[in-house]
Every structure is written in C-alpha cells, then in structure tokens.
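Here, each number is a calculation from the coordinates, and none is a lab measurement. As the structure is a computational prediction, the values presented were derived from the model and not from experiment. As a convention, Cβ positions derive from the backbone with ideal geometry for all residues, glycine included, and neighbour counts pool all protein chains shown.
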Amino acid sequence: MVQPSKKLIENSKVKLGEVLVCAARIRDKQVDITGSSKSFDYEEDIRIVEEAKRFLKEYPKLLPTLSKDGEIVIEWPSESLRYFGDNYIPKDRPIQFIVAVNRGLGERIF
C-alpha cells in the first residue's frame, strides 16, 4: 500500500481547515450561503463554499468557535483536531478596499 506524501497530507489539512472555517463563518452569518461577504473573500474559492455548506449540514460538530468578527479561531472541537494534529490557522481573506479620488486639475493661476 502506498503512503500519501507529506505534501499531500498538508494540502488536505489546509483544504479541510479552510472548508470548516468557511462553514463556521456561514453559520455565524459572516459569510452568506452564496459565499458573498463584506469581510471575507471567497470569490476565487467557490468550491470551498460549496464544501462548507455540505459540512455545515452534515458535520456541524467539526466547526470551530470563531471570534465575533470571524477573523480568529477561538477553539477547535477535539474531533477536528484528530484530523489536523494541532490547531489550524485559517488564511487571511480580507476584502480589498480600494478608494479612487479624483483630484481634478482645478484652476491654475500663473
């Protein structure tokens, strides 16, 4: 039997962690069921959102407890830690806020 590589195991942990954190953010109303959010960017990771909805429905006991703003994992259930081996820290997913200011040329006096 072939053993999975360390890289494959680590990538799987990251994907599972991201899915569980997204599911917790959906549960806590930080992310909409469609994946849209004012605070977290899941636009490029719609597959994470789809899996998060499944985990929210089928495995809600695996979801972490998050801070009020959804940024920080306060606690992982012991069942989840069995899969991670330690606490998983989610990726930063801030929504980029860009402001454009039109300064115009105004009047010039020479």
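Considering the stretch 37-56 alone, what residues qualify as being outside any helix (DSSP H, G or I) and loosely packed, with under 13 Cβ neighbours inside 10 Å?
Hits for the stretch 37-56 are K38, E43, E44.
Within the stretch 24-42, can you find the residues that are under 25 Å from N11 (Cβ atoms) and over 11 Å from the mean Cα position of the chain (by Cα)?
Selection gives R27 alone.
Here are I9, I74: which of them is assigned to a strand (DSSP E or B) and surrounded by fewer than 17 Cβ atoms within 10 Å (Cβ to Cβ)?
Unique residue meeting the criteria: I74.
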